[in-house]
Each structure stands twice: as structure tokens, then as C-alpha cells.
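For reference, the structure is listed below as C-alpha cells.
Nothing in this text is a laboratory measurement; each read-out follows from the coordinates by a stated rule. Just so we're clear, the structure is a prediction, and the values are computed from it rather than from any experiment. Every residue, glycine among them, receives a Cβ derived from its backbone with ideal geometry; neighbour counts consider all protein chains shown.
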Amino acid sequence: MITPAPQLQDLDQLRNFVNGTLCNNGQLEVGQFTMTERLLTRFNDPCGMYFCVHGPRSVKLTAIWETDNNRVLFYDCAGERFLESPVVNANRLKEDLCEEKDRILDAA
């Protein structure tokens, strides 16, 4: 199923959108479970982010924001894609992603 994402202004709004969508699919209370994320790179350039909500009983719901096609792919606990959402305002988010990469490298 393809559904448009709301207008996202920054990475925090993307995180909230992803967290809410994953929790709704897994019938989890939003904000009650940890969500981890990893920066995805290709040839040292950021190309997306991997998100994972860690639910009860080792349940994991994941999403990948891939910048090449400006979309977020959502996967259920069985690893099957349940939603694809185009990202609106992706250029601003890509700038934030590059800043995130720089911040991670500075902290290392």
C-alpha cells in the first residue's frame, strides 16, 4: 500500500512519523517502546536511515528511509513490507541527514 507522508520539516518529524506508523501497525502504544536508528551510507555518503521499534517479546518493527527514491518503506514483525510512503520535502531532510552524519563523525 502506498500512502503519502505528511509534510516533514526535519528529521525529528520524520522520526515521529516513522515511530507512530510502526507502533500503529504493531498495535503498540506510541512512546512506550524504544526506537533505535542507524545512518545508512553508500561510499561514505548518507543514503538513508534504518529505524527499528523494539516491542514486547522481542517484536521488532522496522522502516527504511531511502533517499534515492525519497520514500520510507515500512516492515512488520514478519519482515513483510506493509506500507510505502513517499517523503515530501526530502531535500531539507537530506540536508539534515548530512548534518547528522557530521555530528556522528565528530562524536567518534
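So the values come out like this:
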read-out	value
Inter-residue pairs, beta-carbon under 7 Å, first closer than 14 Å to residue 19 by Cβ and in the stretch 57-78, second among the acidic types (Asp, Glu) and surrounded by 16 or more Cβ atoms within 10 Å (Cβ to Cβ), 6+ apart	61/76
Residue match in the stretch 59-66 (condition: of a type outside the set (A, V, I, L, M) and in contact with a helix residue (DSSP H, G or I) (Cβ under 7 Å, 6 or more places away or on another chain))	yes
Residue that is surrounded by the fewest Cβ atoms within 10 Å (Cβ to Cβ) [pool: residues in the stretch 82-98 that are assigned to a helix (DSSP H, G or I) and more than 14 Å from the chain's Cα centre (by Cα)]	91
Pair list, Cβ under 7 Å, 6 or more apart: the stretch 27-46 residue in contact (Cβ under 8 Å) with a residue 40 or more places away in the chain and within 26 Å of residue 94 (Cβ to Cβ), other residue outside any strand (DSSP E or B) and among the hydrophobic types (A, V, I, L, M, F, W, C)	39/104; 46/97; 46/98
The stretch 60-76 - residue that is in contact with a Cys (Cβ under 9 Å, 6 or more places away or on another chain) and assigned to a strand (DSSP E or B) and, of those, farthest from residue 8 (Cα to Cα)	60
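Here's the yes/no breakdown for (1) touching a Lys or Arg at 6+ places or on another chain (Cβ under 7 Å); (2) exposed (fewer than 13 other Cβ atoms within 10 Å of the Cβ); (3) of a type in the set (Lys, Arg); (4) outside any loop (DSSP other than H, G, I, E, B):
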residue	(1), (2), (3), (4)
7	no, yes, no, no
15	no, no, yes, yes
23	no, no, no, yes
27	no, yes, no, no
30	no, no, no, no
39	yes, no, no, yes
50	yes, no, no, yes
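To keep it simple, each residue is scored yes or no on (1) surrounded by 17 or more Cβ atoms within 10 Å (Cβ to Cβ); (2) of a type outside the set (Lys, Arg); (3) closer than 23 Å to residue 29 by Cβ.
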{"position": "45", "(1), (2), (3)": "no, yes, no"}
{"position": "57", "(1), (2), (3)": "no, no, yes"}
{"position": "63", "(1), (2), (3)": "yes, yes, yes"}
{"position": "74", "(1), (2), (3)": "yes, yes, yes"}
{"position": "78", "(1), (2), (3)": "no, yes, yes"}
